[in-house]
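These notes concern the structure reproduced below.
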Amino acid sequence: MKHIIWFILIILIEFQLSDGGCPKATFEFFNNTINAPYNFIDSSVGNIGSLETCPYTGRPYVYLPCYPNSSWGNEPYFSTCLKQPDKNTTPIISTSFSSDVNPFLTMPIEKVAELPIETSNDVSYVLSYLNQQTMTFKTPSDIASAVKIIDHVTLNNANSSNEIQSEFYSIANKLLSPNSMLQMQEAQKVNRSIVKLISSVEKFSQNFISNKSDENFVENNLVVSIVNMPNNRTKPIVGFAFDPITNQTSSIGSNEMIKNSTSIMLDSQALSQQNRLTFSVYNHENRLFDEESYRVLTRVISLTIDKPELTKHLQKFVKINFYLENNFQHENKTITCAYWHIFNNMTAQWSTDGCQLISIKDRNVICECNHLTHFAILMV
């Protein structure tokens, strides 16, 4: 006999609602062996735990979603109630619930996108939900919902763990993959999803708290390298290099460009008083950055700093070496250094303002720019 969870409302709910919240209620759940009532207080929108908690973990026995229309969901989610074993005993699972289930697991993605993400548990659950192997983004609407969730996570990531950080970049990598290309392009037209995703990745990387001097996150379509306190080194960090063969980044401690790699460096004035440098590398082969007039020939890279206001009056303080991974041989075409200009309305377009092509030699293209953003070499 299949295990079926029956959901029975046994007590009328109170009708004194707060705006956008759910009223106090009692529900009865049947889980394989027993029926038991569980109580919920007046609650705001989100995933709400019962007043009854596990004596071993302190967590609510059951969670219910409270929707923005002030209604309780009818999909209960059960937490594990597991007594910690001692040396002479084996783990015993409470008869109340048999598994720890992500409270978002069975919800449609558009519903999850509407729920607030307020706690670290919410962040962990929603990232695990997006990162499950069975999660696919089949429509532009799915992409838009996923990007909206990512944006919510970005607002709550200051004290995120290393596991949360890895999950975040893994999801961004999935959204940037060739498998999601067509849906992402359509979502950009309707919801500005590409620009919103890139902006969220940059904000997440710049804002999360870390006690480590260096952090690296490597995915197929996205690589992020973070350096904290770049000036407090025996040899101050001045930039980063990306090796396309190993798909790895490294920090640079000198003013010499590394050939056959894509690298970016700042001058000493720009680096002064900066506490964090974040280097991001995006795979251009998914064609998400192409425009009708331009084709992107190299990885798209960015370098963000925590005090950009200190660079406003500097001239050409950014030096970049782009490595053309595929040899450039197109008659009647030229290449140019450009940056991806993001507007306040979350649209973006390539521009050459403030950037200058310095030299081309052996598939290495050197550019100089007077601002920081997302850079690439374009074929015009």
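A few notes on this one:
- Residues of the stretch 202-218 satisfying the condition of being part of a loop (DSSP other than H, G, I, E, B) and crowded, with 19+ Cβ neighbours inside 10 Å: PHE208
- Here ASN216, ASN191, ASN220 are screened, and the one residue that is in contact (Cβ under 8 Å) with a residue 24 or more places away in the chain and either within 14 Å of the chain's Cα centre (by Cα) or outside the structural domain of HIS284 (by TED's automatic domain parsing) (or both) is ASN191.
- Any hit, the stretch 303-323, residues being within 23 Å of SER177 (Cβ to Cβ), surrounded by 13 or more Cβ atoms within 10 Å (Cβ to Cβ), in contact with a helix residue (DSSP H, G or I) (Cβ under 8 Å, 6 or more places away or on another chain) and aliphatic (A, V, I, L, M): no
- Annotation: PHE242 fulfils all but one of (1) touching a Phe, Trp or Tyr at 6+ places or on another chain (Cβ under 7 Å); (2) at pLDDT 95 or above; the unmet one is (1).
- Scan of the stretch 342-380 for residues that are under 23 Å from the mean Cα position of the chain (by Cα) and surrounded by fewer than 16 Cβ atoms within 10 Å (Cβ to Cβ), ordered by number: PHE343, ASN344, ASN345, MET346, THR347, GLN349
- Members of the stretch 39-54 that are at pLDDT 85 or above, closer than 15 Å to PRO76 by Cα and aliphatic (A, V, I, L, M): LEU51
Condition check ((1) in a loop (DSSP other than H, G, I, E, B); (2) surrounded by 14 or more Cβ atoms within 10 Å (Cβ to Cβ); (3) modelled with pLDDT of 50 or more; (4) in the same structural domain as VAL112 (by TED's automatic domain parsing)) across all residues:
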{"position": "PRO65", "(1), (2), (3), (4)": "no, yes, yes, no"}
{"position": "GLU75", "(1), (2), (3), (4)": "yes, yes, yes, no"}
{"position": "PRO85", "(1), (2), (3), (4)": "yes, no, no, no"}
{"position": "THR89", "(1), (2), (3), (4)": "yes, no, no, no"}
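- Odd one out for MET257, checked against (1) under 30 Å from ALA144 (Cα atoms); (2) more than 19 Å from the chain's Cα centre (by Cα): (1)
- Of residues in the stretch 112-139 being in contact with a strand residue (DSSP E or B) (Cβ under 9 Å, 6 or more places away or on another chain) and loosely packed, with under 15 Cβ neighbours inside 10 Å, the one modelled with the lowest pLDDT: THR119
- Positions within the stretch 282-302 being assigned to a strand (DSSP E or B) and out of contact with any Leu (no Cβ under 7 Å at 6 or more places or on another chain), in sequence order: VAL300, ILE301, SER302
- Options THR249, THR262, THR278; residue that is surrounded by 19 or more Cβ atoms within 10 Å (Cβ to Cβ), without any contact (Cβ under 8 Å) to a residue 40 or more places away in the chain and within 17 Å of ILE320 (Cα to Cα): THR249
- Residues in the stretch 288-302 that are surrounded by fewer than 15 Cβ atoms within 10 Å (Cβ to Cβ) and in contact (Cβ under 8 Å) with a residue 24 or more places away in the chain were compared, and the one that is nearest to ILE194 (Cα to Cα) is GLU291.
The values are calculated or read from the model by the stated rules, or taken from the named source; none is laboratory data. Here the structure is a predicted model, which means the values were calculated and not measured. Neighbour counts run over all protein chains shown; Cβ positions are idealised from the backbone, glycine included.
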